[in-house]
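In what follows, a single structure is set out as structure tokens and then discussed.
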Amino acid sequence: MRKAVCVGEELPVSLTGCSVLFSCGHAFRQYLDRHPYWAAMVKANPGISPYSLRHGYACRGALAGIPLRQLAASMGHDVSTHMKYYGQWTDEAGLDAAFGAANARLQTKTMDQAVASI
């Protein structure tokens, strides 16, 4: 897709501009089926489908730290639906990493505030 953007090819309609979700999915599937790189991916990964991309998007978005509410909205559903289908990726190591990063940000913010008050 990145290549398509570079050459100015029009991308499929997004969910936000689509009144019927099926038509968006159909348009995206047609878009993929027209490109040789998708055929190569399907050949190399039997069973892959355009829907598989949603799972990767959800996982990478969570790993990148996109807030849950925004990630769910970008995928066209609410937080409870998101957690039902994509929440299984939460594990102990992920929780430790998330809270460790949050604590580090809080400590930095606290230190910056302390320095600013001097």
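Each reported figure results from applying straightforward, stated rules to the coordinates on display, with no laboratory input. Keep in mind it's a predicted model, so treat the numbers as computed, not measured. So basically every Cβ, Gly included, is an ideal-geometry build from the backbone, and we count neighbours across all protein chains shown.
Quick one: length gained pulling residue 81 to residue 30 fully straight, 0.36 nm per residue minus the C-alpha distance?
15.7 nm
Along the Cα-to-Cβ line of residue 107, 7 Å from the Cα, sits a label point; which residues in the range 42-82 have backbone N less than 14 Å from it?
Under 14 Å, as judged by backbone N against the label point of residue 107, lies no residue of the range 42-82.
When Lys and Arg each count +1 and Asp and Glu each count -1, what net charge do the other residues less than 14 Å away from residue 42, Cβ to Cβ, add up to?
+2
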